[in-house]
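What follows is a set of notes on a single structure, which appears directly below.
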Amino acid sequence: MITETNEIKQWYMEYRIHKNRPGLLGDIASLMGMLDINIVTINGVDNRTRGMLLQTNDEEKVELMGKMLKKVDNITITALRPPKLVDILAVRHGRYIERDSDDRKTFRFTRDELGLLVDFLGELFKREGNHVVGLRGMPRVGKTESIIAGSVCSNKRWTFVSSTLLRQTVRSQLSEDEMNPNNVFIIDGIVSTLRSNEKHHMLLQEIMAMPSTKVIEHPDIFIRESQYTYDHFDCIVELRNTPDEEITYETFTAGFDEY
């Protein structure tokens, strides 16, 4: 039997509105108030859908509330669960991050969503331990800038291991401060595999084995030209100028010095 504890937990509730009658939100909020369930954040999510972050120390009350709200004709409960990162950001920004329907660990953004992307990366970077994030996108779309901004949001330092932003930097060693596992390591998958030397390769292997966050730009080339596989990545982020832009590598893997 689920009982009340002193531990306060958060829940994400989402419901679709069929008839937005006056007082509907007030009725739902009143029910939560009577059950001592606090509303932390509320926002519209997509069309005629509302998301809430809730807080309570009694899981049984959340289950009871869910059963009661299923009897309300004007709404349909579409989610009632401990919040995922995408849920928190959906309530914060009022929209869901687009995900690949076949590959659920691929998230898609466009340049007009840079604020949402930076917030998403910032939340990812706050997590402790080993995390590998791939970032796809054409040149000058804002990949590196988004990683740096996400590092700032997570209050972490960033370390360039390789980069085209800094005149095709290929590092062969890092200082003790730079090797801090709490840093965010930025790796250009093209530079590190197509222009690297043996010392850089050894440094790369050491960093990949560290319990830290690594962000790899151009992950497809990195996978193709190294011993690492798609399974090493926790998630893949795609950034485009427009939703229909095709991400191709032919132009800047053959002669990517200009980028």
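The values are calculated or read from the model by the stated rules, or taken from the named source; none is laboratory data. Small disclaimer: the values here were computed from a predicted structure and weren't measured. Virtual Cβ from ideal backbone geometry, glycine too; neighbours counted across all protein chains shown. To get the accessible areas, we keep the full protein, side chains included, count just its heavy atoms, and leave off ligands, DNA and RNA. Shrake-Rupley method; radii C 1.70, N 1.55, O 1.52, S 1.80 Å.
Selection of first residues in segment 32-60 that are at positive phi and of second residues that are open to solvent by less than 50 Å² (accessible area, probe 1.4 Å), restricted to Cβ pairs under 8 Å at least 6 apart or on distinct chains, gives the following pairs, ordered by first then second residue: Asp36/Thr56; Asp36/Asp58; Arg48/Ile17. Remark: Ser192 falls outside the filter, which requires a residue to be in contact with a strand residue (DSSP E or B) (Cβ under 9 Å, 6 or more places away or on another chain), small (Gly, Ala, Ser) and modelled with pLDDT of 95 or more.
Tell me which strands (runs of 3 or more DSSP E) are completely within segment 30-86 and hold 2 or more residues being over 17 Å from Gln10 (Cα atoms) and among the basic types (Lys, Arg), or say none if there are none.
Once the strands (runs of 3 or more DSSP E) in segment 30-86 are filtered for at least 2 residues that are over 17 Å from Gln10 (Cα atoms) and among the basic types (Lys, Arg), nothing remains.
Being in contact with a helix residue (DSSP H, G or I) (Cβ under 6 Å, 6 or more places away or on another chain) and in a strand (DSSP E or B) holds for only one residue in Gly150, Gly122, Gly134, and it is Gly134. Is it the case, given these coordinates, that Gly129 is open to solvent by less than 60 Å² (accessible area, probe 1.4 Å), touching a residue at least 60 places away in the same chain (Cβ under 8 Å) and within 21 Å of the chain's Cα centre (by Cα)? Considered against the rule, which asks whether it is open to solvent by less than 60 Å² (accessible area, probe 1.4 Å), touching a residue at least 60 places away in the same chain (Cβ under 8 Å) and within 21 Å of the chain's Cα centre (by Cα), Gly129 comes out as yes.
For segment 87-111, the set of residues classified as assigned to a strand (DSSP E or B) and of a type in the set (Val, Ile, Thr) consists of Thr106, Thr110, listed by residue number.
Contact map, segment 11-31: residues that are in contact (Cβ under 8 Å) with a residue 60 or more places away in the chain paired with residues that are part of a helix (DSSP H, G or I), Cβ distance under 6 Å, separation 6+ or inter-chain. Pairs shown: Trp11/Val62; Tyr12/Asp87.
Of everything listed in (1) over 30 Å from Phe125 (Cα atoms); (2) of a type outside the set (A, V, I, L, M, F, W, C); (3) out of contact with any helix residue (DSSP H, G or I) (no Cβ under 7 Å at 6 or more places or on another chain); (4) open to solvent by 10 Å² or more (accessible area, probe 1.4 Å), the single unmet condition for Lys84 is (1).
Take Ile221 and decide whether it is open to solvent by less than 10 Å² (accessible area, probe 1.4 Å), under 28 Å from Ser101 (Cβ atoms), of a type in the set (Val, Ile, Thr) and outside any loop (DSSP other than H, G, I, E, B). For Ile221, the condition - open to solvent by less than 10 Å² (accessible area, probe 1.4 Å), under 28 Å from Ser101 (Cβ atoms), of a type in the set (Val, Ile, Thr) and outside any loop (DSSP other than H, G, I, E, B) - is met.
To keep it simple, each residue is scored yes or no on (1) open to solvent by 30 Å² or more (accessible area, probe 1.4 Å); (2) touching a residue at least 12 places away in the same chain (Cβ under 8 Å); (3) under 24 Å from Tyr249 (Cβ atoms).
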{"position": "Val170", "(1), (2), (3)": "yes, yes, yes"}
{"position": "Ser192", "(1), (2), (3)": "no, yes, yes"}
{"position": "Glu198", "(1), (2), (3)": "yes, no, no"}
{"position": "Ala209", "(1), (2), (3)": "yes, no, no"}
